[in-house]
1. Exactly one of (1) modelled with pLDDT under 90; (2) surrounded by fewer than 21 Cβ atoms within 10 Å (Cβ to Cβ); (3) assigned to a helix (DSSP H, G or I) is unmet by I181. Its number?
2. Pull up segment 196-216, narrow it to residues that are outside any strand (DSSP E or B) and surrounded by 12 or more Cβ atoms within 10 Å (Cβ to Cβ), then point me to the one that is modelled with the lowest pLDDT.
3. For segment 269-283, name all the residues that are part of a helix (DSSP H, G or I) and either at pLDDT 75 or above or of a type in the set (A, V, I, L, M) (or both).
4. When both residues are 6+ apart or on different chains and their Cβ atoms are under 9 Å apart, which pairs have a first residue that lies in segment 201-213 and is at positive phi, and a second that is at pLDDT 85 or above?
5. Quick check on my filter: what residues within segment 217-241 are of a type outside the set (K, R), outside any helix (DSSP H, G or I) and over 21 Å from G186 (Cα atoms)?
6. Confirm whether K166 is of a type in the set (K, R) and without any contact (Cβ under 8 Å) to a residue 60 or more places away in the chain.
7. Which residue, of K220, K248, is touching a residue at least 40 places away in the same chain (Cβ under 8 Å), surrounded by 12 or more Cβ atoms within 10 Å (Cβ to Cβ) and more than 29 Å from N107 (Cβ to Cβ)?
8. Within segment 103-146, considering only strands (runs of 3 or more DSSP E) that don't extend past its boundaries, which have at least 2 residues that are among the hydroxyl-bearing types (S, T, Y)?
Amino acid sequence: MKNLENKYKKKFFKISTTMVSIFLIGLLFIFFGYKFLSADQAYDPSKQRDSTLITEKEIKQQVEQTSNGIFTPPIRTNILITGVDEQESLTDVIMVASYISTTGEINLLSIPRDTYISFKGDDLTALRDINRGAPSYMKMNSVYAYTKKSGMSFLQSSVESMLGIKIDYYVKVDLDAFVSIVDAVGGIYFDVPEGGLRYSDPTQDLYINLKEGRQLLDGKQAEGLVRFRKGYAAQDLKRVEVQQQFIKEFITQILDKETLMSNLGDIILNLIKYVETDFDVADVPKYLTVIPNIDTNKMNTATLPGTSQTIDGLSYYVMDSEATNEIIDRFFYGNTDPDKEIVTETSQTETTN
C-alpha cells in the first residue's frame, strides 16, 4: 500500500512539474507574440548604439533590411560574456561575442584571465571612487573583484576601452549556472583532449577525471573541462581554446530543435535563477528570429594576442596592441554584407605568443 502511495506521489509530482513547465513556456510565447504584434516601428541602430561606431554602410543595410516595417534585430550585436567564481569574485572567463544578423556569423574573442590592465587619469579616478584601495594595475580577472559594488559596468567599460569597441549587453554566469544549464539540456558531447584530464583540489571542491575522446559530459564534468589548465603546456591559453571549442559545441547542440524544445522549461528556469544580464525582456523579440540563422560553421574564434611577462614579481599576459587591432577590425568592424563571401579559417584559434 505504501509503495502504491509513493508511486502515485511520484506520478503526481511528475505531472505537476510538466504542467508548470508548459505553463511557463506558454506565458513566454504569449509575451513574445504580444511584443511582435505591438511593435510599431523598425529597429533604428543609431538609437541603440553609439552612432559613431556604426558605418554609413551598416546604417544603409539596416534601412534596407527593415524597409518593410518588420521588427528586426540589429545588424551587429556585441556581448560581454563572463564566468565568475562568486566565492572569490574572480572572472576566470572573459569573452566578447559579436553576432552579425545579416550573415549568421559569430565572432568570439577571448581575453586571458592574466591579461595586464592599467588605469590612469579619469579611469583611475573612477576606479578609486569605487574602491579606494584598488591598485593602478592588475590582472583582468581581478577587475570585477575590486569593483563588484558597481556591478558589471566598470568591467564592461574597461573591456570597451581596451578593445576600442562598444558592448551592447553583458552576461554574467556563475559556476552553479554553468553546471545547471549543461544538465538542463541533457549534457553536451565533447572531444576531450588526448591523454584525458585529471586534477584534484579539495579546497575548491574541484575533482577532474575525464578520459580522452568524444563523450557526453554532464554539468560537473563540463565544469572540470573548462576549468582545467594545470596539465596543459600553455596552461591558460590552452584552457581558453578548449572553452571556445566547448561553447561552439554547446551552441551547435542546444540549437538542435528537439534539444531546445524538450528542455526549454529547465533552460528558462536556470537562466532566471543563475544568469545576470542587462538584456531587457523588451529586446527579446528582436532576437527571436536570429536563432534559425545562427551558423556555427561561421563561428570564428580568437584569443587576445600577447606575451607572458613578469612585472613586479608576478606573471602577466601583456596584450600585443598591433596584432589585437587587426583582429578587432575583422571581428568587430568587418563584413556585414550578406552577399559578400566570408573567407576565414573558422576551426583554428588565433593567438600570438
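1. Condition (2) is where I181 drops out.
2. Out of the qualifying residues, it is Q204.
3. Restricting attention to segment 269-283, the residues satisfying the condition of being part of a helix (DSSP H, G or I) are 269-274, 281-283.
Correct list: L269, L271, I272, V281, A282.
4. Between residues of segment 201-213 that are at positive phi and residues that are at pLDDT 85 or above, the close pairs are G213/D191; G213/V192; G213/E194; G213/G196.
5. F228, G231, Y232, A233, A234, Q235
6. no
7. Step by step, each of K220, K248 is checked, and only K220 is touching a residue at least 40 places away in the same chain (Cβ under 8 Å), surrounded by 12 or more Cβ atoms within 10 Å (Cβ to Cβ) and more than 29 Å from N107 (Cβ to Cβ).
8. Counting at least 2 such residues, we get 116-118.
The values are calculated or read from the model by the stated rules, or taken from the named source; none is laboratory data. Just so it is clear, the model here is predicted, and its values are computed rather than measured. With ideal geometry, Cβ positions are generated from the backbone for all residues, glycine too; neighbour counts draw on all protein chains shown.
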